[in-house]
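These notes are about the structure you will find just below.
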Amino acid sequence: MQVDHRKGPRRRGEALEDAIMQAAVEELTEVGYTAVSMERIAIRARTSKAALYRRWTGRADLIVDAYTRFAARDVEAPDTGSLRTDVIGLLRRIADQAKPETLHLFFGVLADAGEELRGKIRERFVLVKPTRMAAILERAETRGEVRAHLPDRLRTLPLDLIRIEVLQHGGGPAVTDEAIEAIVDDVFLPLVRP
């Protein structure tokens, strides 16, 4: 049964965007990327397709934004005053956020994705400099804990390595504290210290 979005209270801004994002994740989880349609997302969100197309050029952009919000929510950069403990804290939060349902959703998107969506995923997760890690490194540079002007590849190294751990072992407690500490102590810190 279709719901007429015009009969409910009108939502705008963040409330509408949240509803659309949640509807996109529900649609993706239920039918997989290849069957996702902007029309069904609009129906789930109780809005119009025009509202979706005002914000996103198509389903690939919407799905990547929705997945990013769903998968990366509540992960903030710690600020303990120490580069080591900040990076360990961030990696632990990322690993704990990678719950089985999130990983299932991610692998489902990748399995269904065409080149357009894969490109958007690469752009979002690989090519864009992660802001949480950048904040940690800026504070560490101010304290003199890291060399100035680190290359981008080195700045994101801990995130790349935790991503591999999550993909190999699953998220949460399957990624051990020892593995996280080894990433930081044995690989990252020796490369970035002055």
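Seen from I180, the other residues with C-beta closer than 12 Å to its C-beta sum to a net charge of -4, counting Lys and Arg as +1 and Asp and Glu as -1.
Carbon and sulfur: what percent of the chain's accessible surface (1.4 Å probe)? Result for the chain: 52 percent of the exposed heavy-atom area is carbon or sulfur.
Heavy-atom accessible area for T57, with the other protein chains in place and a 1.4 Å probe, reaches approximately 120 Å². The residues of the chain have, on average, 56 Å² of accessible surface per residue, using a 1.4 Å probe with all protein chains present.
Only protein heavy atoms count here; under a 1.4 Å probe, Y53 has an accessible surface of about 120 Å². Estimated at the nearest 10 Å², the accessible area of I43 is 50 Å² with a 1.4 Å probe.
When a/c is below 1.5 the answer is rounded, else prolate if a/b is larger than b/c, else oblate, so apply that to the chain with a ≥ b ≥ c taken from the square roots of the Cα gyration tensor eigenvalues.
It is prolate, given that a/c is not under 1.5 and a/b is the larger ratio.
The values are calculated or read from the model by the stated rules, or taken from the named source; none is laboratory data. If you're wondering where the values come from, they're calculated on a predicted model, not measured in any experiment. Don't worry about glycine lacking a Cβ; one is built from the backbone with ideal geometry, like all the others, and counts go over all protein chains shown. Keep in mind that these areas ignore ligands, DNA and RNA; they rest on the heavy atoms of the full protein, side chains included. Shrake-Rupley method; radii C 1.70, N 1.55, O 1.52, S 1.80 Å.
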